[in-house]
Structures are given as structure tokens and as C-alpha cells.
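Novice: Got a structure for you, written out below as C-alpha cells; questions coming shortly.
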Amino acid sequence: MSYPFQIKSLEQYHIDYKKSLEDPEGFWSGVADSFEWRKKQPFSKKGLDWNFTEPSVKWFEGAKLNITENCLDRHLDSIGDRPAIIWEPNDPNEKVRTLTYKVLHKKVCEFAQVLRNNGVKKGDRVCIYMGMIPELVVAVLGCARIGAIHSVIFGGFSAQSIADRLYDAEAEYIITCDGAFRGAKDIPLKSIIDDALIGNRTVKRVIVHTRTRTPVSMIKGRDVWWRDEVEDVVESMHEEVLKVPAEEMDAEDPLFILYTSGSTGKPKGVVHTTAGYMLWTTYTFVNVFQYNPGDVFFCTADIGWITGHSYIVYGPLLAGATCLMFEGIPTWPDAGRFWDIVDKHKVNTLYTAPTAIRSLMSYGMDPLKDKDLSSLKVLGTVGEPINEEAWHWYDEHIGKKKCPIVDTWWQTETGGILISNLAGVTPAKPSWATLPLPGVKPVLVDEKGEEVTELTDTHYSGNLCLTMPWPGILRTTWGDHERCRQTYFSTYENKYFTGDGAFKDEEGNFRITGRVDDVLNVSGHRLGTAEVENAINMMAGVVESAVVGYPHELKGQGIYAYVVLDGRNRHEEDDQLTKQDLLATVSRIIGPIAKPDKIQFVSALPKTRSGKIMRRILRKVAEGELENLGDTSTLLDPAVVDEIKEGKI
Ligand code: PRX
């Protein structure tokens, strides 16, 4: 496997970057030559057809392919016996599983047939709710093989969240497990699915894989066992199953939906399509990490998030890489687990989140004792701004100052990395994501949408937008294109607005400072303040609430909730209990990841005369900045602020 599009020098980066902006169609068409197409050209329309007003983005529409043939089939002759996935179980004493490209291909073909046998067709939505086991990859690729649209839901979301997503996606099929192991916990996935399905009349079939052997209810006519279904296929078709053609997809056919939080309303289903996403994940994987065939790549994300989609499943497999997949958590059985894994599997690239680094840092040096990390060549971070202290710790103690660190900035909506240094090729700068990838044209704008041209100290500062489409950009939000337009393309004319603020230095490096909208980033998990408020407001006795983020040493951001209870439900001696009820309610409605870190009961929220909550003040109080709250003269009742500051009523 060679990568003709791999950038090998700073000079080449600049040449390719320029080319990609001057002639995007030509540039990406060249990259596309490295893939297998059923029909590459002529495209029915243009190579790239776009506008950011509707918005409409189409790359290579009319070209035909199946992404799983690119992930699997085309590697069989050359690297069929190379490990595609090395799976490290939650329990370090359980056996490691290694799936070669041949084995993974066979499993995907068999499971694709299971899906067909169960009535799943091209375009159908299949919800996947599983733990981090190889069968999750098989389920994802099985869907892609038959053209079904997968929608993976992270195992930390509640039944209610699943029900909302099933409804929104009009999903008729679910793939799940009896349970999932995560550290010392077993998560009863099937039982959560059962709760999500109460009253649901749309879902026709639930395929259940056995992992934890937790007793589960199995409803006749709806629920089937994964193992039985695969056995049926193997017995009836034998090797013939490998010859069933994969579904032919258009370049612009949807590949998957992934729900993500925004500043308003319920999470929306970000839609990615086939060819553009394929090009983008491969190109960024190979270039940012400077992947070399044979290297072991370890991405610690969960496949329930975009990082796992792009850099555990698609990017690595498309590049014929060996990917390490880990079922458990970094701190179990102890805080040396990542380092054990690096040592045991001779990991070459480690890609993780600042929140994990900060958490592991807090355990000191002990967990690193006797761990051989000398196989590491490249380190990566993703998901939130990395503070300099964590960056230096990662560099010194994990990379031993020999490994370039790539700080990769991107989003669910972008499909893959947009701004990052390229390991060892373009320079790193602690806590700066640095330069845009080829195809990416970032610009910083002020409130009015004008490009920022004046320096503040040594850098420009503004809201980060992108002015042209790269192949991996989202195409729509499922079932509601207008919401896509409103959310991303209406704030500034002809620009995709990221929701992030950023600095840019005079060399063109970017530093992402964090969200400027009402989106929280808690331990790298994205949540909307409105979403958390809605969950809190569903608790009996709550009149209203306001949620803001505040700096949290380990999580990056913590959730601070101001809650107004009605008089009858407010008994100070019960405050602790009421807080527990509130946490249980939020867990039930969204999931444990959305539980507020701090709850303050207040008698009223600071509002303007027109009824708008003044979040600025709430943010400052949450940050502990009680002085300089700014202008409070427009408040309906300024006394409310004093009460909030005192922290009691
Ligand atoms: O605020 C940015 C932050 O994560 C947001 C996107 O979250 P999500 O869609 O869940 O995707 C996370 C994984 C790609 C962004 O708007 N973010 C992501 N990477 C970085 C980052 N902030 C700073 N530096 C990064 N490297």
C-alpha cells in the first residue's frame, strides 16, 4: 500500500495547499485515483458543485462505488493477512483478538447478508448501540456494504435519547449487545434499548450480539440473536456469501447519520455521504499522522463519536492500516492502562483527548513505571483545546520529546481533521492546531462577518469560518435541511460557521480557543446548554433553569446549573436530596454524561426586561469571577444577581 498523496515536506505542503484551493476538482480527482470505483468518470455533473446559500455540496456526483470495497476488498490480495483490527478487551486478562483484513472482510460479508435476510435495504436507517468490540465495526461496515445508513449511538446515552434519535431517523432496525464492559461496570445495553422501544411502532428488528452474557428479554418476531443469524448465513451460503456484490452507491449517497448537539433544540443528525467522506478520512489520516504501512495506530475514542468513525473505522481501514481498538477506559484496572497497551502492542501512534491526558497526569509518574513506550512515533490530541501544561507533559513523559504531537481541530460536521500540523512535516506549536489541511480555507470574522484584519497583540482574533467546501463537509441534517442552513450557513453569508473562536498568528497558524455559542465541551463530549436545561426542566418542581460551562481542571469544561424550584418543592434541608433527584432525572433523560457538576438553587434567574436570561453574568459567577459582572442596569431585578453571588436564598 502506498499513498501517492502523502505530503512529505513543508515545501510540498505549501504546494499542495495552493493547488487544492486553486483547482479543487483537479486536486481531489487526483487523490480519488488511489481508490476503487465502480465508475469514476464521467461524473453526471461536475466534479464539485456547490453553494453555501442553500447549502448544497456535491463531490463527484454520478461516480459509483462502495466504501467497504475500498476498506476491505481491495486490500485482500496485497495485505489480506495483515491485522486490520487488534482488539484489546476491557479485562487485561481476557484474550486479545486480532482480525486480519481477510477475516474482517468475511465477517462483514456474512453480516451484510444477515442484514439482507432481515429485510434491511439500501437507504434504510440502522441504529447501532454497542460497546467497543470488533462486532461494532462489523455492524457499521455491514450496513455500508448494503447501502443502509448507519447511525451509531454512544453507549452513555439514555433510553430517552435513543428513542428521540430513532424517531428522528425513522430507524426500523437496531443492532445492539446484551451489555458492554467499561472498567468495573457492565452497561445493560439491550435493556436500555428495550426501554427506548416502549411504545415504538417503527422498529421491526433488533439484532443482539452477546458480549456480557447479561440476561436479556428477547421478544419473538422482533429480537434475534446475532450468532444464530450469522450461523444461518454460513450454513446456507458457505463461501458463496463472499461473492455477493456490495451495493453500488452514488458518490453522494448518504453513508451515515451521527447525532450531535447544537446550541438550540435536540441533537441533530449530521449526514455524511460516501465518496467525499472516504477521500477526506483517508487523506487526513495518512497526512496528519504520517501513517506508514505496518504501523499500529491507537485511537482511544469511542466509535459512538465522530473520532471513532473517522479514525478507528474508516480512515485506518481505507488506508490499509492496523488499528488498535480498546474496549475499556484509561483508568481501569489502574491509571497505567494506556501505557500497558502501548507497551503490549507496540503502538506507534497514540491519538487521544486532552481530558484523558489531564486525568492521567493527575496520577503522577507511578503508572508509567516500567512501561516501555519506545514504540511511539507520533502523538495526537483531539476534541478540545489542549492547555500547555498537558501538552508538555504528553511531550515529555509519553513522547519522551521524540514524538511530534499533532493537535487536530475538527468537528462532527467536518467529517475529518481540518486544522492540524502534519506529524514531523509541518511545525508543531504547543496548544496551537497550526495550519489548515489542503482543501480547507479558514477565515476569522468579527460579529458583522467582516474578516478580521487588525492584530490584537501578536495575533488576529475572531470567529472561525470556512469559505469553501472540502470533500468531508456535512451535506445536511437528517430530515431538516433548513436546520442545517440555519445552524451553519446563515450566521455569515457564504461561509460555514464553526461555532468556535480562534486566534491566528502572522504565519497563518490557528489556535482554537473554544466555542463561542451555547455548546459545552465536557471531557471532549459535546452537549448543548439548551438540551441540558430541557432535561432539568422536566423534573417535577423545577420552574426554570439556566446552564453554563465553567473551567474544570480535568474535564476542560464543567456544567453549572442554576435552578429555580417552585416554593412547594424548596425545603433547604432537602437540598442535597433534591440535587440527587436532579442528577437522576438528567441521567434518565440524556444520559450520565450530561449530569451537572454544580447545581445552585436560586429564587430567580437574571433576566432583561424583555425576558432574556443574561448568561454572561451566570458564566462569570460560575467561573468564580464575582467582581466586574459588567453592566447589570438592563436587568429586570438587579437584586437577583446579589443573591446568586451569595450563593444562597
Ligand atoms: O470546539 C471544538 C472542539 O470540539 C468541537 C467539536 O466537537 P465534536 O463535533 O464532538 O467533535 C469532536 C472531535 C472532532 C469543536 O467545535 N475541538 C475539537 N478538536 C479541537 C477542539 N478544540 C480545540 N482544539 C482541538 N484540537
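Novice: I need the full set of residues from the stretch 502-518 which are in a strand (DSSP E or B) and surrounded by fewer than 23 Cβ atoms within 10 Å (Cβ to Cβ), in order please.
Specialist: Narrowing the stretch 502-518 to residues in a strand (DSSP E or B): 502-505, 510-515.
Within the stretch 502-518, 503, 504, 505, 511, 512, 513, 514, 515 meet the criteria.
Novice: Then there's this: Consider only pairs whose beta carbons are under 7 Å apart and that are at least six residues apart or on different chains; among these, list those whose first residue lies in the stretch 487-498 and is under 15 Å from residue 262 (Cα atoms) and in contact (Cβ under 8 Å) with a residue 60 or more places away in the chain and whose second residue is within 12 Å of the ligand (Cβ to nearest atom) and part of a helix (DSSP H, G or I).
Specialist: 488/413; 496/488
Novice: Cβ contacts < 7 Å: first residue among the basic types (Lys, Arg), restricted to the stretch 519-547; second residue in a strand (DSSP E or B), any location; separation 6+ or different chain. Result?
Specialist: Sorted first by the residue in the stretch 519-547, then by its partner, the pairs are 526/260; 526/519.
Novice: Which ones in the stretch 6-35 are in contact with a Lys or Arg (Cβ under 9 Å, 6 or more places away or on another chain), surrounded by 14 or more Cβ atoms within 10 Å (Cβ to Cβ) and assigned to a loop (DSSP other than H, G, I, E, B)?
Specialist: Result: 35, single match.
Novice: Further, regarding this structure: Name, by its number, the condition in (1) acidic (Asp, Glu); (2) open to solvent by 40 Å² or more (accessible area, probe 1.4 Å); (3) within 21 Å of residue 208 (Cβ to Cβ) that does not hold for residue 110.
Specialist: The number of the failed condition is (2).
Novice: Based on what the data block shows, is residue 576 modelled with pLDDT under 95, of a type in the set (S, T, N, Q), over 19 Å from residue 530 (Cα atoms) and not in a loop (DSSP other than H, G, I, E, B)?
Specialist: yes
Novice: Considering only residues of the stretch 521-555 that are touching a helix residue (DSSP H, G or I) at 6+ places or on another chain (Cβ under 7 Å) and of a type in the set (Ser, Thr, Tyr), which is farthest from residue 599 (Cα to Cα)?
Specialist: 523
Novice: So, in the stretch 524-544, of the ones that are away from the ligand (no atom under 16 Å from the Cβ) and assigned to a loop (DSSP other than H, G, I, E, B), which residue ends up most open to solvent (accessible area, probe 1.4 Å)?
Specialist: Applying the filter and picking the extreme gives 538.
The rows are residues; the columns are (1) closer than 30 Å to residue 335 by Cβ; (2) modelled with pLDDT under 95; (3) in a strand (DSSP E or B); (4) open to solvent by less than 10 Å² (accessible area, probe 1.4 Å).
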{"site": "171", "(1), (2), (3), (4)": "no, no, no, yes"}
{"site": "175", "(1), (2), (3), (4)": "no, no, yes, yes"}
{"site": "212", "(1), (2), (3), (4)": "yes, no, no, no"}
{"site": "216", "(1), (2), (3), (4)": "no, no, no, no"}
{"site": "247", "(1), (2), (3), (4)": "no, no, no, no"}
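Every residue, every condition in (1) within 13 Å of the ligand (Cβ to nearest atom); (2) touching a Phe, Trp or Tyr at 6+ places or on another chain (Cβ under 9 Å), yes or no:
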| site | (1), (2) |
| --- | --- |
| 353 | yes, no |
| 360 | no, yes |
| 364 | no, no |
| 371 | no, yes |
| 376 | no, no |
| 382 | yes, yes |
| 386 | yes, yes |
| 389 | no, no |
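Novice: Being open to solvent by 30 Å² or more (accessible area, probe 1.4 Å) and either more than 32 Å from the chain's Cα centre (by Cα) or free of Cβ contacts under 8 Å to residues at least 24 places away in the same chain (or both): is that true of residue 619 here?
Specialist: Considered against the rule, which asks whether it is open to solvent by 30 Å² or more (accessible area, probe 1.4 Å) and either more than 32 Å from the chain's Cα centre (by Cα) or free of Cβ contacts under 8 Å to residues at least 24 places away in the same chain (or both), residue 619 comes out as no.
Novice: A follow-up question, please. Return yes or no: is residue 566 surrounded by fewer than 21 Cβ atoms within 10 Å (Cβ to Cβ) and either more than 36 Å from the chain's Cα centre (by Cα) or polar (S, T, N, Q) (or both)?
Specialist: For residue 566, the condition - surrounded by fewer than 21 Cβ atoms within 10 Å (Cβ to Cβ) and either more than 36 Å from the chain's Cα centre (by Cα) or polar (S, T, N, Q) (or both) - is met.
Novice: Could you check the stretch 391-421 and list, in sequence order, the residues that are more than 7 Å from the ligand (Cβ to nearest atom), in a strand (DSSP E or B) and either open to solvent by 10 Å² or more (accessible area, probe 1.4 Å) or touching a helix residue (DSSP H, G or I) at 6+ places or on another chain (Cβ under 9 Å) (or both)?
Specialist: Once the filter is applied, which keeps residues that are more than 7 Å from the ligand (Cβ to nearest atom), in a strand (DSSP E or B) and either open to solvent by 10 Å² or more (accessible area, probe 1.4 Å) or touching a helix residue (DSSP H, G or I) at 6+ places or on another chain (Cβ under 9 Å) (or both), the stretch 391-421 yields 405, 406.
Novice: Can you name every residue in the stretch 279-325 that is open to solvent by less than 10 Å² (accessible area, probe 1.4 Å) and in a loop (DSSP other than H, G, I, E, B)?
Specialist: Of everything in the stretch 279-325, those that are open to solvent by less than 10 Å² (accessible area, probe 1.4 Å) and in a loop (DSSP other than H, G, I, E, B) turn out to be 289, 291, 303, 304, 319, 320, 321.
Novice: Could I ask something else about it? Please find, within the stretch 326-344, the residue that is most open to solvent (accessible area, probe 1.4 Å) out of those that are assigned to a helix (DSSP H, G or I) and of a type in the set (D, E, K, R).
Specialist: The residue in question is 344.
Novice: Same structure, new question: With respect to residue 547, is the statement that it is at pLDDT 95 or above and either out of contact with any strand residue (DSSP E or B) (no Cβ under 7 Å at 6 or more places or on another chain) or away from the ligand (no atom under 16 Å from the Cβ) (or both) true?
Specialist: Details: at pLDDT 95 or above: yes; either out of contact with any strand residue (DSSP E or B) (no Cβ under 7 Å at 6 or more places or on another chain) or away from the ligand (no atom under 16 Å from the Cβ) (or both): yes.
Answer is yes for this residue.
Novice: Collect the residues in the stretch 390-418 that are within 22 Å of residue 520 (Cα to Cα) and charged (D, E, K, R), keeping them in residue-number order.
Specialist: Matches in the stretch 390-418: 407, 413.
Novice: Sticking with this structure for a sec: When you scan the stretch 551-565, how many residues do you find that are assigned to a strand (DSSP E or B) and within 16 Å of the ligand (Cβ to nearest atom)? Explain how you work it out, then say what you get.
Specialist: Pass one, the stretch 551-565, residues assigned to a strand (DSSP E or B): 551-552, 556-565.
Checking which are within 16 Å of the ligand (Cβ to nearest atom) leaves us with 551-552, 556-559.
Counting residues in the stretch 551-565 that are assigned to a strand (DSSP E or B) and within 16 Å of the ligand (Cβ to nearest atom) gives 6.
Novice: Starting from residues that are at pLDDT 95 or above and away from the ligand (no atom under 11 Å from the Cβ), keep the ones in the stretch 507-523 and report whichever is nearest to residue 561 (Cα to Cα).
Specialist: 509
Novice: Next up: Only residues that are more than 15 Å from the ligand (Cβ to nearest atom) and outside any strand (DSSP E or B): list them for the stretch 431-449, please.
Specialist: Scanning the stretch 431-449 gives 438, 439, 441, 446, 447, 448, 449.
Novice: A further question follows. Any residue at all in the stretch 583-596 that is in a helix (DSSP H, G or I), surrounded by 15 or more Cβ atoms within 10 Å (Cβ to Cβ) and of a type in the set (D, E, K, R)?
Specialist: Within the stretch 583-596 (the criterion being in a helix (DSSP H, G or I), surrounded by 15 or more Cβ atoms within 10 Å (Cβ to Cβ) and of a type in the set (D, E, K, R)), the answer is yes, since at least one residue qualifies.
The values are calculated or read from the model by the stated rules, or taken from the named source; none is laboratory data. Small disclaimer: the values here were computed from a predicted structure and weren't measured. All Cβ positions, glycine included, derive from the backbone under ideal geometry; neighbour counts span all protein chains shown. Keep in mind that these areas ignore ligands, DNA and RNA; they rest on the heavy atoms of the full protein, side chains included. Shrake-Rupley method; radii C 1.70, N 1.55, O 1.52, S 1.80 Å.
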